[in-house]
1. Using the per-residue mean of other Cβ atoms lying within 10 Å as a proxy for protection, in what order, highest first, do the peptides 113-123, 23-33 fall?
2. Quick check on the range 102-184: take the gyration tensor over C-alpha atoms, sort the square-rooted eigenvalues as a ≥ b ≥ c, and tell me if it's rounded (a/c under 1.5), prolate or oblate.
3. Separation between the Val27 and Arg40 pseudo-spin-labels, each 7 Å from Cα along Cα→Cβ, expressed in nm?
4. Can you classify the range 41-190 as rounded, prolate or oblate using the Cα gyration tensor, where a ≥ b ≥ c are the square roots of its eigenvalues, rounded means a/c under 1.5, and otherwise it's prolate if a/b beats b/c and oblate if not?
Amino acid sequence: MAAARELRYNSRGAVYGDLAYDLDREVREHALRHAGEAPRRQTAEPVAAPKAKPRVRSLSKAQVRQRQKVSVLSVLGVGAAIGLAVLLMMGYIQLTAISDEVVSLQNQLAELETENVSLTAQHEQMFDPATVKEVAEAAGMSKPSSSQIYYIDLSEGDSAVVYQQEETNVLSRLLASLNHGIYAVVEYFE
């Protein structure tokens, strides 16, 4: 077997496409060389004497492993990894909540668009002359008769009466202006 192992590793001349050694090449060549020969029979092993009991080694003292010290940096690293994992999970929770809110808002938008279409149709129906006429007749309205119509003659000139206020003195104008100012400030702060 040592000879086969030496043959395997000493034949460095064979290089294949992937530049790897073909370790089983020697085994295949040996099988090809001895292809027509009958297989060799192995001789039976002599019957061995009963096996002796294995010796058990006993220990007088229990061996104790020394306590290992934990590095502060490893504790900080594990803590940072746990913190980042918690932050990542919180981010996923927030993302899920926002996604749920977006879906509910989209559903609400779809409902509102449907309601808008029906309300727009009702609004357009309100201004339909035939509908207005039917509703007016149902409410008891009718066209006015000739006795209900009055005409106004505007062929004469217009006239207007302007009343002039009495002039106030300076002190009353000052008090009025002060009163308006105080009222404006109080109204601003209310």
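Computed from the coordinates by the stated procedures, all read-outs in this text should not be read as laboratory data. Everything quoted here is computed from the prediction, not taken from an experiment. Virtual Cβ from ideal backbone geometry, glycine too; neighbours counted across all protein chains shown.
1. 23-33, 113-123
2. Details: a/c = 5.24, a/b = 1.38, b/c = 3.79.
Note, shape of the range 102-184 comes out oblate.
3. Taking the two extended label points, one gets 1.8 nm.
4. Details: a/c = 9.11, a/b = 2.46, b/c = 3.70.
Because a/c hits 1.5 or more and a/b fails to exceed b/c, the range 41-190 counts as oblate.
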